[in-house]
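Undergrad: Take this structure, written in structure tokens, and hold onto it; I'll ask about it next.
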Amino acid sequence: MRFKVVSPADLRPGEVAAWRAIQADSPEYANPFLGPDFTQAVSAVRPRVCVAVAMEAGDPVAFFPFERGPLGIGHAVGMGVCDCQAVVQRPGAVSEAEPLLQACGLTVWEFDNLVGDTPPFSPFARRLHASAVMDVSDGYEHYKARVSENSRRFLGDMRRFNRKLARDFGDIRFVFDERDPKQLRTLMRWKSAQYRRTGRRDRFAQPWITELLRRLHTAGAGSPVGLLSVLYAGDQPVATHFGLWSERVFATWFPAYDTRFARYSPGMMLYLRMAEAAAEAGVAYLDLARGAGQYKETLKTRDLTVAEGWAALPSAGAVTHWLRRVPVGLAYDAVLKRPYLRQAARQTLNGLGAVRTRWTESPAH
């Protein structure tokens, strides 16, 4: 086994084809976050992105995208917005983490959405998380039947909201693949407002993330990479979503809606329209990603498992990483295990978000 580490832009066409072939042959690697398109798009806005290619008898058999930071501490590509990570490989190609980390010049590799029980990093998982899935592999009608088993009223309520929205604002129109860049800007504006309102960090305040979405949206023209979907009432956009999709998996990513239409549940309407369109396109499932949310509980039909943790080699960098991460991890675990702490944390964030919104919207600012 031989490893070579290259910039994603320097991958040869045959290597990119081999990467895609592994994904096509292995359902566990089908998520578009694990594909070369996402890695190459991130590398255009994050210069420290690399790909380790494992070679066997002159053929590429595994691909490991990563970002290298100070002290040899590495992260998943696009850490913080990357909802799926793995070493994309032929079965058994890379079974041990140590030689891979050494080849990459890493002392630590940190992950937060590692695919299930996949080598070589699964033994280093510190926490496991559920990632909700809308399974449409048997068609949209079968999906709706499954959802109705969980909530008898949900689909009926959605039909009622749909009729009321159309009556109040005009015919409902859904565009699965919206190419208008203006609507992408609308999504970012709505999502930034949501982050501020709920006390979360505004991802779109980071220029590399906004540029990444623009690149993926442009690259999506004619190819299954970045997908912007919009629900209109009359001529007005009421809900939008930007995600990544491949032949088998639609990875949901950034949903947003106009809060003036909140009483109609436009976000849920949009998800149902996306599920129907994805099923018609032959997609197996929509991955709603890890994280709590009542809308996920309503829409999902099953869960996948993703892992959070890090693998490390004995080094000063690994010790520094451990000292930085372990206290945070202990606090995180304490909150997760105690519902009253989760509720208190949510209320605090919402309160901070309200203060932040009033401050930023005041005339002095």
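Undergrad: Suppose we filter region 300-311 for residues that are within 14 Å of Ala130 (Cα to Cα) and either of a type in the set (D, E, K, R) or open to solvent by less than 40 Å² (accessible area, probe 1.4 Å) (or both); how many remain?
TA: 7
One line per residue, one yes/no per condition, for (1) surrounded by 19 or more Cβ atoms within 10 Å (Cβ to Cβ); (2) of a type in the set (D, E, K, R); (3) more than 26 Å from Arg152 (Cβ to Cβ):
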| residue | (1), (2), (3) |
| --- | --- |
| Arg260 | no, yes, yes |
| Pro266 | yes, no, no |
| Ala281 | no, no, yes |
| Leu288 | yes, no, no |
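Undergrad: Would you tally the residues in region 126-149 being part of a strand (DSSP E or B) and more than 19 Å from the chain's Cα centre (by Cα)?
TA: Here the count works out to 1.
Undergrad: If I filter region 74-92 down to residues being in contact with a strand residue (DSSP E or B) (Cβ under 7 Å, 6 or more places away or on another chain) and open to solvent by 20 Å² or more (accessible area, probe 1.4 Å), which single residue comes out as farthest from Phe124 (Cα to Cα)?
TA: This residue is Arg90.
Undergrad: In region 150-173, which residues are in a helix (DSSP H, G or I) and small (Gly, Ala, Ser)?
TA: Within region 150-173, Gly156, Ala166 meet the criteria.
Undergrad: Name the pairs whose Cβ atoms lie under 7 Å apart, with the first residue in region 20-44 and in contact (Cβ under 8 Å) with a residue 40 or more places away in the chain and buried (at least 16 other Cβ atoms within 10 Å of the Cβ), the second in a helix (DSSP H, G or I) and small (Gly, Ala, Ser), and 6 or more positions between them or separate chains?
TA: Going by the 7 Å Cβ cut-off, the qualifying pairs are Asp37/Ala219; Ala41/Ala219.
Undergrad: Considering only strands (runs of 3 or more DSSP E) fully contained in region 188-288, which possess at least 3 residues that are farther than 17 Å from Val81 by Cβ?
TA: 226-233, 236-245
Per-residue answers, yes or no, for (1) farther than 16 Å from Leu304 by Cβ; (2) hydrophobic (A, V, I, L, M, F, W, C); (3) open to solvent by 50 Å² or more (accessible area, probe 1.4 Å); (4) without any contact (Cβ under 8 Å) to a residue 40 or more places away in the chain:
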site	(1), (2), (3), (4)
Val115	no, yes, no, no
Ser122	no, no, no, no
Asp135	no, no, no, no
Gly139	yes, no, no, no
Val147	yes, yes, no, no
Arg152	yes, no, yes, yes
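Undergrad: If a residue has to be assigned to a loop (DSSP other than H, G, I, E, B), closer than 16 Å to Lys4 by Cβ and under 21 Å from the mean Cα position of the chain (by Cα) to count, how many in region 83-111 make the cut?
TA: 1
Undergrad: Take the residues of region 93-112 that are touching a helix residue (DSSP H, G or I) at 6+ places or on another chain (Cβ under 7 Å) and under 30 Å from Arg200 (Cα atoms): which is surrounded by the fewest Cβ atoms within 10 Å (Cβ to Cβ)?
TA: Val108
Undergrad: Return a yes/no flag: does region 60-78 have any residue that is out of contact with any His (no Cβ under 9 Å at 6 or more places or on another chain), free of Cβ contacts under 8 Å to residues at least 24 places away in the same chain and not in a helix (DSSP H, G or I).
TA: For region 60-78, residues out of contact with any His (no Cβ under 9 Å at 6 or more places or on another chain), free of Cβ contacts under 8 Å to residues at least 24 places away in the same chain and not in a helix (DSSP H, G or I): absent.
Undergrad: Quick check, is Phe63 surrounded by 18 or more Cβ atoms within 10 Å (Cβ to Cβ), touching a Leu at 6+ places or on another chain (Cβ under 7 Å) and either at pLDDT below 95 or not charged (D, E, K, R) (or both)?
TA: It is false that Phe63 is surrounded by 18 or more Cβ atoms within 10 Å (Cβ to Cβ), touching a Leu at 6+ places or on another chain (Cβ under 7 Å) and either at pLDDT below 95 or not charged (D, E, K, R) (or both).
Undergrad: Continuing with the same structure: If we keep just the residues of region 204-225 that are small (Gly, Ala, Ser) and without any contact (Cβ under 8 Å) to a residue 24 or more places away in the chain, which is least open to solvent (accessible area, probe 1.4 Å)?
TA: Ala205
Undergrad: Now for a separate question. At positive phi and either at pLDDT 95 or above or buried (at least 19 other Cβ atoms within 10 Å of the Cβ) (or both), is that true of Gly243?
TA: Judged against the criteria, Gly243 is not a match.
The values are calculated or read from the model by the stated rules, or taken from the named source; none is laboratory data. None of these values were measured; they are calculated from a predicted model. Using ideal geometry, Cβ is built from the backbone for each residue, glycine included, and neighbour counts are taken over all protein chains shown. Keep in mind that these areas ignore ligands, DNA and RNA; they rest on the heavy atoms of the full protein, side chains included. Shrake-Rupley method; radii C 1.70, N 1.55, O 1.52, S 1.80 Å.
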